[in-house]
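The values are calculated or read from the model by the stated rules, or taken from the named source; none is laboratory data. Predicted model only: the values in this text are computed from it and were never measured. Methodologically, a virtual Cβ is constructed for each residue, glycine included, from the backbone with ideal geometry; neighbour enumeration extends over all protein chains shown. Side chains included, ligands, DNA and RNA excluded: accessible areas come from the protein's heavy atoms. Shrake-Rupley method; radii C 1.70, N 1.55, O 1.52, S 1.80 Å.
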Amino acid sequence: MALRNTSRDRDRDQNRDQTRINDRIRISPIRVISAEGEQLGVLPTDEALSIAREAGLDLVEVAPGAKPPVCRIMDYGKYKYQQSKKQHKNQSHHTKTKEIRLRPKTGDHDIEFKVKQAISFLKHKDKVQVSIQFKGREMAHVEEGHRVMAQVIELLSEVGKVESPPKQMGRRIMATVSPKAG
């Protein structure tokens, strides 16, 4: 069974959008702007609608509050697409906190790999929590953990700034790096 777009569905969709197009423009006369952006002047709605249909485009009300209302001849589907793109672009990025975990005995190459991951997080405007975890007898060499933390912070200094300095909490040393503005 094929789905049909009934007039009731179109009416409901039209009510959601609130932009009047073509036959939905009831007020006459209206100020008309052509597809190229030039003023065609104040015309009766029927005449403006026939000009739009000849061009194979829609008559779209762009300023309903103006006296007389301003309508533009354009491709309505393309206009809606551009509006949705603009709205999507305006949505802000929600900062997330990502974590990279290391150990005091982590090798230099592994540290570089984790730092590359952290840099990609910072470039996507996310915060990075660097944590170094000690197990067993590693607690006897806490200074090794501090050395690794300092090395990581140094490598991240180009793309991020330290938001909370390294703190030892039990068997962990943690620091938070946030992306640099700009």
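Key figures for this structure:
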{"item": "Residue count, region 108-140 (criterion: under 16 Å from Gln151 (Cα atoms) and either of a type in the set (A, V, I, L, M) or open to solvent by 30 Å² or more (accessible area, probe 1.4 Å) (or both))", "result": "17"}
{"item": "Residues of region 45-63 that turn out to be in contact with a strand residue (DSSP E or B) (Cβ under 8 Å, 6 or more places away or on another chain), under 16 Å from Pro29 (Cβ atoms) and not acidic (Asp, Glu), as a count", "result": "8"}
{"item": "Criterion: open to solvent by less than 60 Å² (accessible area, probe 1.4 Å) and either in contact with a helix residue (DSSP H, G or I) (Cβ under 8 Å, 6 or more places away or on another chain) or at pLDDT below 90 (or both) - qualifying residue of Pro64, Pro104", "result": "Pro104"}
{"item": "Any hit, region 92-99, residues being surrounded by 11 or more Cβ atoms within 10 Å (Cβ to Cβ), basic (Lys, Arg) and in contact with a helix residue (DSSP H, G or I) (Cβ under 7 Å, 6 or more places away or on another chain)", "result": "yes"}
{"item": "Residues being open to solvent by 100 Å² or more (accessible area, probe 1.4 Å) and within 19 Å of Ser178 (Cβ to Cβ) - total across region 141-160", "result": "2"}
{"item": "Residue ID - farthest from the chain's Cα centre (by Cα), chosen from residues in region 161-182 that are among the hydrophobic types (A, V, I, L, M, F, W, C) and surrounded by 12 or more Cβ atoms within 10 Å (Cβ to Cβ)", "result": "Ile173"}
